[in-house]
Amino acid sequence: MRRKVRVDFDELNVGESVAYILATEFGLKPNIVKAQVNDDSSGLMIFIVDGEEELLDKAMGRLKSMGFEVRDLEKHITRDKARCWSCGACVSICPSKSFTYDPETWEVHLDIDTCIACGSCVTSCSVKALKLNI
Amino acid sequence: MAKTYEEINEKIRSKKAVVCTAEEVVDLVRKKGVEKAAEEVDVVTTGTFGAMCSSGAFLNFGHSTPPIRMTNILLNGVQAYGGLAAVDTYIGATQMTEDSEKGYGGAHVIEDLIAGKDIHLRATGPGTDCYVRKEIDTYVSLDDLNEAYLYNPRNSYQNYGVATNTSDKALYTYMGKLLPKMKNASYSSAGQLSPLLNDPHCDVIGIGTRIFLGGGEGYVSWQGTQFKTDVEEVGGVPVAGARTLAVIGDMKQMDPYYVRGLDIHGYGISLALGIGVPLPILDEGVMARAAVSDEDLFAEMLDYSLPSGRVPMARYSYAQLRSGKIEYQGKTIRTSSMSSYAGAKKVAQELKDRIERGEFLLNAPSLMLPKAGSVKPLKVREARRCAER
Ligand code: SF4
Ligand code: SF4
């Protein structure tokens, strides 16, 4: 199975390498799509990881035990389809190219799997159809 | 072979009219040629669905007992004009609520009215011998109003510049979010579907032309404000903003799908509106112009980080713009639009369906739009003395 995970850290565990632990202790290969450290040494990291459910659960448990806050991202970006008028304002600003035009109807599609939860699109939408839930 | 409005309307009435959208007609003309296509097709439908800031609605509330002469009017907290007769008002699309945090404005009041929602009306007046009431606080819906019609002084811009940003910080504009260092560019025209790009010199669109406006029937009422003709053309079509339309239409016929309040981050309120204009294929000339495709239509890229004096940086076809990326000095810029091409397609298709069903007849203009026009800038100057006037 594939999971998209958000890990929040603070100044106490900012020095620990999440990716290193996942790789050496669990043989997982996380693909880090976003990492951010704030001035106060808090920050967040978002990665995508493939593996057996049991193994993933164990690995996440290990991260939690180290003081990281760990959350699965599922519906991290949502779009109210009835509000969306397919203007396209979100299309060219998304860093992960998660929005595309349908070549036939020119309706705007959102691919949540590629979304890295950056939040950039939220303010680009003039009808408040997009919501970031992280 | 020339056709007349009456002949076309006769075919529409008997449900025999051949109607194509401005998109469909591109291929038809490529395959069959202009002459054959002009013979076969009676009407080409165009469409656009974009932010049209210069829009608003005239409303009449009817008289209360006792009556009031409203001079200060709020609709869901949005100021409407109080300088008309007692219970008439005009609500402008871009007017914001006092609480600008809310992201609600005149355009949303218009959308909510068309959606049949109750609107909170609060008004005050001076109280006069003939209008004794001084204040009123009530709710109104579209059904309660005597008249409600959009009257938009400038809609359906013929063409529009492509916005980019060369500066180091993101800009929030009416053309959307513009990323720093030209990472993206935003355009705003339905290109080959756009009404005024398919009749570039307004040979058939004129005052009185019946149009699709926000889901109902409307009319071209005048040339739009900032109507200009002295714009560079490629293949007979302007490459920048040129002609515009003033339009009018009954809100009671409209559909909220095609009339939407927008809150454009960092800019303000605007109205997204679907407009479609049917073009009567009176002769080959009309047909040839309506068959224009995105490959032949161009727009110029402008740097929105400059406050004014924006010089065109490059020119792109709508086919390039719609491909999702353009090149500028060896750099790839991602593109997307600020107007809905999906919506423009729906408008043109819906108008086509109505004409095919015999429900929408063409109206010949009673007056053509000006053949020449230019736009003057606003000068900051001292008052002239009487003798100089
Ligand atoms: S939050 Fe929005 S802009 Fe950011 S990656 Fe996801 S879809 Fe794209
Ligand atoms: S910006 Fe909003 S309305 Fe426009 S296409 Fe994206 S989600 Fe839809």
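The values are calculated or read from the model by the stated rules, or taken from the named source; none is laboratory data. None of these values were measured; they are calculated from a predicted model. Cβ sites come from the backbone with ideal geometry, for glycine too, and all protein chains shown count toward neighbours.
Residues of the stretch B:332-349 that are more than 7 Å from every other protein chain (Cβ to nearest Cβ) and farther than 17 Å from B:Pro256 by Cβ: B:Thr332, B:Ile333, B:Ala344, B:Ala348, B:Gln349. Being crowded, with 19+ Cβ neighbours inside 10 Å and touching a strand residue (DSSP E or B) at 6+ places or on another chain (Cβ under 7 Å) is the requirement here; does B:Gly77 meet it? It is false that B:Gly77 is crowded, with 19+ Cβ neighbours inside 10 Å and touching a strand residue (DSSP E or B) at 6+ places or on another chain (Cβ under 7 Å).
Provide a single number: the residues in the stretch B:256-283 that are more than 11 Å from chain A (Cβ to nearest Cβ) and out of contact with any helix residue (DSSP H, G or I) (no Cβ under 7 Å at 6 or more places or on another chain).
Just the residues of the stretch B:256-283 that are more than 11 Å from chain A (Cβ to nearest Cβ), to begin with: B:275-283.
Next, from what is left, pick out any that are out of contact with any helix residue (DSSP H, G or I) (no Cβ under 7 Å at 6 or more places or on another chain): B:282.
Qualifying residue count for the region: 1.
Scanning the stretch B:97-110 for residues that are at pLDDT 95 or above and surrounded by fewer than 23 Cβ atoms within 10 Å (Cβ to Cβ) gives a single hit, B:Tyr104. Within the stretch B:7-26, residues that are surrounded by fewer than 20 Cβ atoms within 10 Å (Cβ to Cβ) sit with their Cβ atoms under 6 Å from residues that are part of a helix (DSSP H, G or I), at 6+ positions apart or across chains, in these pairs: B:Val18/B:Glu40.
Take the conditions within 16 Å of ligand 1 (Cβ to nearest atom) and either more than 30 Å from B:Tyr174 (Cα to Cα) or within 12 Å of chain B (Cβ to nearest Cβ) (or both) and apply them to A:Cys87. Does it pass? Even if it seems obvious, please write down each step before you answer.
Numbers: within 16 Å of ligand 1 (Cβ to nearest atom): yes; either more than 30 Å from B:Tyr174 (Cα to Cα) or within 12 Å of chain B (Cβ to nearest Cβ) (or both): yes.
Yes.
Looking at this structure, is A:Leu132 within 20 Å of B:His265 (Cβ to Cβ), modelled with pLDDT of 90 or more and either near ligand 2 (Cβ under 10 Å from one of its atoms) or among the hydrophobic types (A, V, I, L, M, F, W, C) (or both)? So A:Leu132 fits the description; yes. Could you tell me which residue of the stretch B:191-226 is surrounded by the fewest Cβ atoms within 10 Å (Cβ to Cβ), considering only residues that are in a strand (DSSP E or B) and among the hydroxyl-bearing types (Ser, Thr, Tyr)? Looking at residues that are in a strand (DSSP E or B) and among the hydroxyl-bearing types (Ser, Thr, Tyr), I get B:Ser221. Scanning the stretch A:96-134 for residues that are more than 8 Å from chain B (Cβ to nearest Cβ), in contact with a Pro (Cβ under 9 Å, 6 or more places away or on another chain) and surrounded by fewer than 19 Cβ atoms within 10 Å (Cβ to Cβ) yields one hit, A:Cys118. For the stretch A:70-84, filtering for residues that are more than 17 Å from B:Gly343 (Cα to Cα) and either away from ligand 1 (no atom under 14 Å from the Cβ) or not β-branched (Val, Ile, Thr) (or both) leaves 8.
Take the conditions touching a residue at least 24 places away in the same chain (Cβ under 8 Å), out of contact with any Gly (no Cβ under 9 Å at 6 or more places or on another chain), of a type outside the set (Phe, Trp, Tyr) and in the same structural domain as A:Ser124 (by TED's automatic domain parsing) and apply them to A:Arg62. Does it pass? When the stated conditions are applied, A:Arg62 does not pass them.
Among the residues of the stretch B:353-371, none qualifies, meaning not one is farther than 28 Å from B:Tyr258 by Cβ and within 14 Å of another protein chain (Cβ to nearest Cβ).
Okay, residues lined up against (1) assigned to a strand (DSSP E or B); (2) closer than 23 Å to B:Met175 by Cβ; (3) of a type in the set (Gly, Ala, Ser):
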{"residue": "B:Gly62", "(1), (2), (3)": "no, no, yes"}
{"residue": "B:Gly127", "(1), (2), (3)": "no, no, yes"}
{"residue": "B:Ile136", "(1), (2), (3)": "yes, no, no"}
{"residue": "B:Asp143", "(1), (2), (3)": "no, no, no"}
{"residue": "B:Tyr149", "(1), (2), (3)": "yes, no, no"}
{"residue": "B:Asn152", "(1), (2), (3)": "yes, yes, no"}
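Going through (1) over 25 Å from B:Lys376 (Cβ atoms); (2) in the same structural domain as B:Thr45 (by TED's automatic domain parsing) one by one, B:Trp222 falls short only on (1).
When you scan the stretch B:328-364, how many residues do you find that are in a loop (DSSP other than H, G, I, E, B) and buried (at least 18 other Cβ atoms within 10 Å of the Cβ)?
Result for the stretch B:328-364: 6.
Of the residues B:Leu297, B:Leu273, B:Leu282, which is surrounded by 17 or more Cβ atoms within 10 Å (Cβ to Cβ) and under 15 Å from the mean Cα position of the chain (by Cα)? It would help to see each step written out before you state the result.
On the way: B:Leu297 fails: under 15 Å from the mean Cα position of the chain (by Cα); B:Leu282 fails: under 15 Å from the mean Cα position of the chain (by Cα).
Among B:Leu297, B:Leu273, B:Leu282, only B:Leu273 is surrounded by 17 or more Cβ atoms within 10 Å (Cβ to Cβ) and under 15 Å from the mean Cα position of the chain (by Cα).
Scanning the stretch A:104-129 for residues that are within 17 Å of B:Met338 (Cα to Cα) and either more than 9 Å from ligand 2 (Cβ to nearest atom) or free of Cβ contacts under 8 Å to residues at least 24 places away in the same chain (or both) yields a total of 7.
Just to confirm my filter: which strands (runs of 3 or more DSSP E) fall fully inside the stretch B:227-278 and include at least 1 residues that are modelled with pLDDT of 95 or more and farther than 24 Å from B:Gln79 by Cα?
Details: elements: B:245-250, B:259-264, B:268-276.
So the answer is B:245-250, B:268-276.
For the stretch A:1-42, a residue qualifies if it is farther than 14 Å from A:Phe68 by Cα and over 18 Å from the mean Cα position of the chain (by Cα), and the qualifying residues are A:Tyr20, A:Ala23, A:Thr24, A:Glu25, A:Phe26, A:Gly27, A:Asp39, A:Asp40.
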